[in-house]
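Asks: Structure in structure tokens, see below.
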Amino acid sequence: MKSILLSIILLLSINFLVKASDSEIKWGIKGGLNFGFFNSDIGPWKDVNALYLTGNTVPFDISVRMGIGGGLVMNYTFNDAFGLYTELLYSPKGSTYQRDNLNVVQVSQSGANTPTKDIVKYALDYVELPLGISISPHRRFNFKIGLAPAVNVSSRIKSNYWKEDKNNDLVNEPPFNNVPGTAVKEDYEKIKFDYAKNVICSASFEINYNISDGYCFLNFTKSLGEVYDISEMNGYNMKTQNTVISVGLTYLFSY
């Protein structure tokens with residue numbers, strides 16, 4: 001199903017490119033950073049009983065999932081003020097939960113210590129096809145408003161954990177003399193979480209600042225529906241939408 005939908009998206013994009021005349025189209029590539037977060041808490045990350053089982057009752061706080069996104073851009077202009085656009089992008093979305101780990105600390109050379117972080121990351125990756133209208137009220141600025149249907153290509157959960165670092169004895173190596181504890185190092189576990197909806201659609205709004213051969217962009221997207229097929233898991237809420245803020249640069253090819 002995913003491969004069929006992806007093929008349809010690619011064919012639509014190619015068809016649009018072929019039909020557009022060279023005198024009316026500008027195309028290019030864009031890339032930047034995505035900062036995604038869920039619009040509501042999911043999972044047991046604030047439940048006292050569930051947290052007790054982890055050995056740390058500090059609740060998790062929601063934070064952004066950061067990723068690198070980008071792809072192809074096509075801008076079709078009718079005149080200096082109005083046009084259409086479409087894009088074919090790889091778009092990381094999702095969210096992160098994190099909290100202080102009170103049992104593992106980072107020790108500085110001066111002997112000061114700070115808690116490390118426990119991290120649970122819900123990673124959702126999409127092939128996205130934003131499309132809509134562009135409005136240019138000024139030669140330096142333009143706005144893009146549209147919809148961004150997307151096909152899910154990956155859904156997983158990534159979490160960190162700490163294991164003993166036998167090659168780093170903090171007690172016997174300066175400047176950590178007389179600091180009690182066992183040296184540990186961070187590792188990660190990834191598991192599939194195949195409950196993401198195959199297709200979602202987001203509202204999209206973008207501000208562009210035109211520069212030579214392209215523009216800087218600030219993009220805001222919010223899913224119009226829930227991102228998971230399930231409403232709860234093990235009694236915990238799984239209903240959430242996804243917001244993504246993206247910043248980066250678009251380069252337009254000259255021809």
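The values are calculated or read from the model by the stated rules, or taken from the named source; none is laboratory data. Note that the structure is predicted; figures quoted are calculated from it, not measured. All Cβ positions, glycine included, derive from the backbone under ideal geometry; neighbour counts span all protein chains shown. What goes into the accessible areas is simple: the full protein's heavy atoms, side chains included, and nothing from ligands, DNA or RNA. Shrake-Rupley method; radii C 1.70, N 1.55, O 1.52, S 1.80 Å.
Asks: Which of the residues belonging to the stretch 34-71 are loosely packed, with under 15 Cβ neighbours inside 10 Å and either among the hydrophobic types (A, V, I, L, M, F, W, C) or not in a loop (DSSP other than H, G, I, E, B) (or both)?
Replies: Selection gives Val48, Asn49, Tyr52, Leu53, Val58, Asp61, Met66, Ile68.
Asks: Write out, first by first residue and then by second, each pair whose Cβ atoms fall under 8 Å of each other, whose residues are 6+ apart or on separate chains, and whose first residue, in the stretch 216-232, is in contact (Cβ under 8 Å) with a residue 24 or more places away in the chain while the second is open to solvent by 70 Å² or more (accessible area, probe 1.4 Å) and not in a loop (DSSP other than H, G, I, E, B).
Replies: Once the first residue is in contact (Cβ under 8 Å) with a residue 24 or more places away in the chain and sits in the stretch 216-232, its partners that are open to solvent by 70 Å² or more (accessible area, probe 1.4 Å) and not in a loop (DSSP other than H, G, I, E, B) give Cys216/Tyr209; Cys216/Leu249; Phe217/Tyr209; Phe217/Leu249; Asn219/Phe205; Phe220/Phe205; Thr221/Phe205.
Asks: Hey, another quick one. Give me the pairs, please: first residue somewhere in the stretch 102-114 and at pLDDT 70 or above, second residue anywhere and open to solvent by 100 Å² or more (accessible area, probe 1.4 Å), beta-carbon distance under 6 Å, and either six or more positions apart or on two chains.
Replies: Going by the 6 Å Cβ cut-off, the qualifying pairs are Thr114/Gln106.
Asks: Something else now. Just to verify a result, which residue in the stretch 208-237, among those that are modelled with pLDDT of 95 or more and either of a type in the set (Gly, Ala, Ser) or open to solvent by less than 60 Å² (accessible area, probe 1.4 Å) (or both), is nearest to Phe141 (Cα to Cα)?
Replies: Among residues in the stretch 208-237 that are modelled with pLDDT of 95 or more and either of a type in the set (Gly, Ala, Ser) or open to solvent by less than 60 Å² (accessible area, probe 1.4 Å) (or both), the one nearest to Phe141 (Cα to Cα) is Asn208.
Asks: Something else about it: Grab the strands (runs of 3 or more DSSP E) fully contained in the stretch 183-255, keeping just those with 2 or more residues being under 30 Å from Asn103 (Cα atoms).
Replies: Values: elements: 184-192, 199-211, 214-223, 242-252.
Here the list reads 184-192.
Asks: Could you check the stretch 114-172 and list, in sequence order, the residues that are more than 23 Å from Thr96 (Cβ to Cβ) and charged (D, E, K, R)?
Replies: We begin by selecting, within the stretch 114-172, every residue more than 23 Å from Thr96 (Cβ to Cβ); these are 129-147, 149, 164-172.
Selection gives Arg139, Arg140, Lys144, Glu164, Asp165, Lys166, Asp169.
Asks: Pick from Tyr236, Tyr188: which is more than 15 Å from the chain's Cα centre (by Cα) and touching a residue at least 60 places away in the same chain (Cβ under 8 Å)? Talk me through it step by step, then tell me what you get.
Replies: On the way: Tyr188 fails: touching a residue at least 60 places away in the same chain (Cβ under 8 Å).
Matching residue, one of Tyr236, Tyr188: Tyr236.
Asks: Shifting gears a bit: Of everything in the stretch 180-207, what is in contact with a Gly (Cβ under 8 Å, 6 or more places away or on another chain) and open to solvent by 50 Å² or more (accessible area, probe 1.4 Å)? Give them in sequence order.
Replies: Lys197 - this is the single residue of the stretch 180-207 that is in contact with a Gly (Cβ under 8 Å, 6 or more places away or on another chain) and open to solvent by 50 Å² or more (accessible area, probe 1.4 Å).
Asks: Quick one: how many residues across the stretch 135-145 are open to solvent by 20 Å² or more (accessible area, probe 1.4 Å) and part of a strand (DSSP E or B)?
Replies: To start, the set of residues in the stretch 135-145 that are open to solvent by 20 Å² or more (accessible area, probe 1.4 Å) comprises 135-141, 143, 145.
Next cut, part of a strand (DSSP E or B) only: 135, 141, 143, 145.
Residues flagged as open to solvent by 20 Å² or more (accessible area, probe 1.4 Å) and part of a strand (DSSP E or B) within the stretch 135-145 amount to 4.
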